[in-house]
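To keep things clear, I will list the structure first and then write my remarks on it.
The values are calculated or read from the model by the stated rules, or taken from the named source; none is laboratory data. Just so you know, these numbers come straight off a predicted model, no measurement behind them. Backbone-built Cβ (ideal geometry, glycine too); neighbour counts: all protein chains shown. All accessible areas refer to the heavy atoms of the entire protein, side chains included, with ligands and DNA or RNA removed. Shrake-Rupley method; radii C 1.70, N 1.55, O 1.52, S 1.80 Å.
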Amino acid sequence: MSEPHGSGNGDSDDRVSLIEDFGTHIGHAMGWPPMAGRAAGVLMLSVAPMSMAQLQQALDASKGSVSETTRLLMTNGIVERFKEPGSRQFVYRWREDAWLGCLQHQLEQTTELLALADSAEGRGHDQPPAQRARLRTMCEYYTFMVSRLEVLLAEYAAQLDRDLADASHD
């Protein structure tokens, strides 16, 4: 793997090791391929937005693999794609509010599963009692999870706002 773009004068071996840890641990925890975790690490540690070609070089990966990976990271709310002023090519960067984006994505996924649970429970009235109970439990679980994730999202967003306000006063 090449050294991440804009990595400065830091110890390259430590950076590479850290990026590999991202690939192993974030990739595993999130159910992502290791490449996505490595790309997350590269973008988190990059001091400047990176083009597709720069990401390909940093990850030693094909354009198709990097394209698929960046799509996954954008869907998960931690990376953004944009065009810099005066440029015709897209670049990618770690979102400043990446963890908020990640939590928003988790809430969206859980809300989708709640909709499925509601629908399944409504359509499962002809099922035997044990299966109806499973459907009801699924619905209760996702109702609980959505309500808790909404609270977490609001609390975390408020904390970010406080942190930004504090930083602007420094």
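Under the classification rounded if a/c is under 1.5, otherwise prolate if a/b is larger than b/c and oblate if not, where does the range 87-162 fall, given a ≥ b ≥ c as square roots of the Cα gyration tensor eigenvalues?
Numbers: a/c = 5.42, a/b = 2.19, b/c = 2.48.
It comes out oblate by the Cα gyration axes.
Based on Cβ point charges of +1 for Lys and Arg and -1 for Asp and Glu, what charge dipole magnitude is obtained for the range 107-170 about its Cα centre, in debye rounded to the nearest 20? Present the calculation step by step, with values, prior to reporting the outcome.
Working: 6 positive and 12 negative charges, 120 e Å.
Dipole of the range 107-170, to the nearest 20 debye: 580 debye.
In nm, to one decimal, how far is the residue 47 label point from the residue 111 one, both placed 7 Å along Cα→Cβ?
3.9
Using a 1.4 angstrom probe and counting only protein chains, how large is the accessible area of residue 94 in Å², to 10?
Solvent-accessible area, nearest 10 Å²: 40 Å².
Rounded, prolate or oblate: which fits the range 50-124 when a ≥ b ≥ c are the square roots of the eigenvalues of the alpha-carbon gyration tensor, with rounded for a/c under 1.5 and prolate only if a/b beats b/c? Let's see the in-between values first.
Details: a/c = 3.29, a/b = 2.33, b/c = 1.41.
Because a/c hits 1.5 or more and a/b exceeds b/c, the range 50-124 counts as prolate.
Compute, for the chain, the length of the dipole vector about the Cα centre, with Cβ point charges of +1 (Lys, Arg) and -1 (Asp, Glu) only. Units Debye, rounded to 20.
Roughly 700 debye for the chain.
Residue 125 accessible area, nearest 10 Å², 1.4 Å probe?
Using a 1.4 Å probe on the heavy atoms, I get roughly 120 Å².
How much area per residue is accessible in the chain when the probe is 1.4 Å and only protein heavy atoms are counted (Å²)?
Averaged over the residues of the chain, the accessible area is 61 Å².
Out of the total accessible area of the range 26-156 (probe 1.4 Å, heavy atoms of protein only), what percent is carbon and sulfur?
Carbon-and-sulfur percentage of accessible area, whole number: 54.
About its Cα centre, how strong a charge dipole does the range 14-98 have in debye, to the nearest 20, once Lys and Arg get +1 and Asp and Glu get -1 at the Cβ? Walk me through the numbers before you get to the answer.
Details: 9 positive and 9 negative charges, 71 e Å.
The calculated dipole for the range 14-98 is roughly 340 debye.
Would you check the accessible area of residue 161, probe 1.4 Å, heavy atoms only, in square angstrom rounded to 10?
Approximately 100 Å² for this residue.
How long are the three semi-axes of the equivalent ellipsoid for the chain, computed from the Cα gyration tensor as the root of 5 times each eigenvalue, in whole Å, largest first? Please list the in-between numbers first.
On the way: eigenvalues 282, 85, 44 Å².
Equivalent ellipsoid semi-axes, largest first: 38, 21, 15 Å.
Considering only 129, 151, 104, whose Cα is most displaced toward the positive end of the charge dipole of the range 101-170, charges sitting on Cβ of Lys, Arg (+1) and Asp, Glu (-1)?
About the Cα centre, the residue reaching furthest to the positive side is 129.
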